[in-house]
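Worksheet: one structure, shown below.
Just so you know, all these numbers are worked out from the coordinates, no wet-lab data involved. The shown structure was predicted, so the numbers you read here are calculated from the model rather than taken from an experiment. Here Cβ is always computed from backbone atoms with ideal geometry, including for glycine, and neighbour counts include all displayed protein chains.
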Amino acid sequence: MILANKRHLRGLDELQQKIQLEAMALSLGIGLIVGLGYSNLDVTDVIGFDAEISHMVILMGLTYLVGVISGTRKYR
């Protein structure tokens, strides 16, 4: 999957590459910051439910989508 994504990015034009990479960076940053806090809240029993990885996958997917949409609007 990583290699397929790498090939896909190489096939894009420069503007699309920039939009995709900025969206990926935003998704990784938000996922890391929120994920660490979310995990800490679960470990200290501040939240009343278990922290699930699926929540983070959804958050990162939505963040990536917002990043692509905002990047497309920004550069067009």
For G61, indicate whether it is part of a helix (DSSP H, G or I) and of a type in the set (G, A, S). yes
Members of the stretch 26-64 that are in contact (Cβ under 8 Å) with a residue 24 or more places away in the chain and hydrophobic (A, V, I, L, M, F, W, C): L26, L28, I30, V34, M56, L59, M60
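Do we find that A23 is without any contact (Cβ under 8 Å) to a residue 60 or more places away in the chain and assigned to a loop (DSSP other than H, G, I, E, B) in this structure?
Working: without any contact (Cβ under 8 Å) to a residue 60 or more places away in the chain: yes; assigned to a loop (DSSP other than H, G, I, E, B): no.
Against the criterion (without any contact (Cβ under 8 Å) to a residue 60 or more places away in the chain and assigned to a loop (DSSP other than H, G, I, E, B)), A23 does not qualify.
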Kindly check whether there is at least one residue in the stretch 41-57 that is under 30 Å from T72 (Cβ atoms) and over 16 Å from the mean Cα position of the chain (by Cα). no
